[in-house]
Amino acid sequence: MELSLIISATVLSFISVAFGVPLAKKYLLSSGIYGKDQQKPRKPKIATSGGIVVLFGVLFSTMAVIGLGKILQVGIQNELVLASVCSINIITLIGLIDDIHVGEGIEVEQSSSNRLFEIMDVFGDQVEFDNPDIDRVGLSQLSKMIFVLPAVFPLMAVGAGSWTMNFPIIGVIEWGLFYPLVLLPLGLLFVANVVNMLAGTNGLSAGMSLIAALGLGTFALFNGRIEAALMGFSLSGALFGFLIYNWYPASILPGDSLTYLCGAALFSVMVLGDMEKFGVFIFGPWFLEFFLKARNRFEAHSWGLLEGNELRNQHESIYSLTHVFMDRGMNEKEITVSLMVLEVFVVILGLALFL
């Protein structure tokens, strides 16, 4: 019965997103929530913040399944699923705020109170907008880190995760309160941000997250972690539906709402399934991306400059995994496929090692 519910959740999330994206595109464009696809010849305006549709798919499928599971008296721990959904909601909201933040060219009277928080805007990113009096202004990096932290509280509230871990050679480590108070917040903060870092080509962030979600869902299912499997496969179905429109050439962009959603969802699945070691392993490509970006103090861009049909690395050195393939003369679609194949290999190897 549990397997039937998981399959139902996957199908529901896929259908809701596949049919919801066309409607969402019109709404987002008419609302001025769009971005420019920098790696296309004419830099077309495309609806962004596609994470909102994916969020709806995950919410619809998981809520429908836990409601049906309650009626059928299936042994699903609803509080764990609800805590995970709550975390995803919080962090997606932060991503949405970042996507839609528009600064108008008006003067704001300065006071001692807003001067105190000026540091919050020091690292804000600005993107050109058609109206010279309006700029697309992203949240600062400090703001994002602070606002993301509340998303971990629902997982802490239900005691999700394992406070003990068994490591080779070292043995069993009892984390105690260090796990919920330190490891959980740092883990969520890291995962959400590294998923956001490895993006820049059509289908990349959604495709990589889809493969990771399938891997985590499969691992959880084989280990009897029904709640984690439910969340993993619900996310997989939603991302697959989104990829239909986000694949090259994309007609909708993910925005921070999707990358943060994927980070929170993948982290929640890891924690619910007590599979942190497997999760860390399959996040290998994202770890590499983090260290590559750190070499340039996180100032490098993953996207490239279009030259003919190929993308050229706009930096003098390699500061992203996308740059590795750009230097080989690949086009945008080939870069996305290559990185997805890399993640497939990592996930298969992880399943072979940890199952």
Residues being without any contact (Cβ under 8 Å) to a residue 12 or more places away in the chain, assigned to a helix (DSSP H, G or I) and under 18 Å from residue 295 (Cα atoms) - total across region 309-355:
1
Select, from 103, 75, 35, the only residue that is over 23 Å from the mean Cα position of the chain (by Cα), part of a strand (DSSP E or B) and modelled with pLDDT under 95.
103
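Considering each of 209, 251 in turn, give the residue that is surrounded by 23 or more Cβ atoms within 10 Å (Cβ to Cβ) and not basic (Lys, Arg). Let's see the steps before the verdict.
Details: 251 fails: surrounded by 23 or more Cβ atoms within 10 Å (Cβ to Cβ).
Among 209, 251, only 209 is surrounded by 23 or more Cβ atoms within 10 Å (Cβ to Cβ) and not basic (Lys, Arg).
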Across region 304-323, what is the number of residues that are more than 22 Å from the chain's Cα centre (by Cα) and within 18 Å of residue 337 (Cα to Cα)?
6
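Of the residues 287, 240, 278, which single one is surrounded by fewer than 24 Cβ atoms within 10 Å (Cβ to Cβ) and over 17 Å from the mean Cα position of the chain (by Cα)? Explain how you work it out, then say what you get.
On the way: 287 fails: over 17 Å from the mean Cα position of the chain (by Cα); 240 fails: over 17 Å from the mean Cα position of the chain (by Cα).
Testing whether each residue is surrounded by fewer than 24 Cβ atoms within 10 Å (Cβ to Cβ) and over 17 Å from the mean Cα position of the chain (by Cα) leaves just 278.
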Please state which of the following conditions residue 181 fails to meet, knowing it meets all the rest: (1) farther than 26 Å from residue 18 by Cα; (2) crowded, with 20+ Cβ neighbours inside 10 Å.
(2)
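Quick check on residue 62: is it of a type in the set (Ser, Thr, Tyr), within 30 Å of residue 305 (Cβ to Cβ) and buried (at least 23 other Cβ atoms within 10 Å of the Cβ)? First the steps, then the outcome.
Details: of a type in the set (Ser, Thr, Tyr): yes; within 30 Å of residue 305 (Cβ to Cβ): no; buried (at least 23 other Cβ atoms within 10 Å of the Cβ): yes.
Answer is no for this residue.
Has region 339-347 got at least one residue that is at pLDDT 95 or above, out of contact with any helix residue (DSSP H, G or I) (no Cβ under 8 Å at 6 or more places or on another chain) and farther than 23 Å from residue 92 by Cα? Before you say what the answer is, go through the steps one by one.
Step one: list which residues in region 339-347 are at pLDDT 95 or above, which gives 339-347.
This time we only want the ones that are out of contact with any helix residue (DSSP H, G or I) (no Cβ under 8 Å at 6 or more places or on another chain), so: 341, 345.
Those still in the list that are farther than 23 Å from residue 92 by Cα too: 341, 345.
Looking through region 339-347, at least one residue is at pLDDT 95 or above, out of contact with any helix residue (DSSP H, G or I) (no Cβ under 8 Å at 6 or more places or on another chain) and farther than 23 Å from residue 92 by Cα.
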Being of a type in the set (A, V, I, L, M), under 20 Å from residue 2 (Cβ atoms) and crowded, with 24+ Cβ neighbours inside 10 Å narrows it down to one of 272, 266, 214, so name that one.
272
Just give me the residues in region 243-259 being modelled with pLDDT of 95 or more and of a type in the set (Phe, Trp, Tyr), in sequence order.
245, 247
Restricting the search to region 1-35, which residues are closer than 18 Å to residue 259 by Cβ and not hydroxyl-bearing (Ser, Thr, Tyr)?
17, 21, 24, 28, 33, 35
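For region 258-296, how many residues meet the condition of being outside any helix (DSSP H, G or I) and of a type in the set (Lys, Arg)? Spell out how you get there, then give the answer.
Filtering region 258-296 down to residues outside any helix (DSSP H, G or I) leaves 273-275, 283, 295-296.
Add one more test, that the residue is of a type in the set (Lys, Arg), and what stays is 295.
Matching residues across region 258-296 total 1.
The values are calculated or read from the model by the stated rules, or taken from the named source; none is laboratory data. Nothing here was measured: the structure is a model prediction, and the numbers come from that model. Cβ atoms come from the backbone with ideal geometry, glycine included; neighbour counts cover every protein chain shown.
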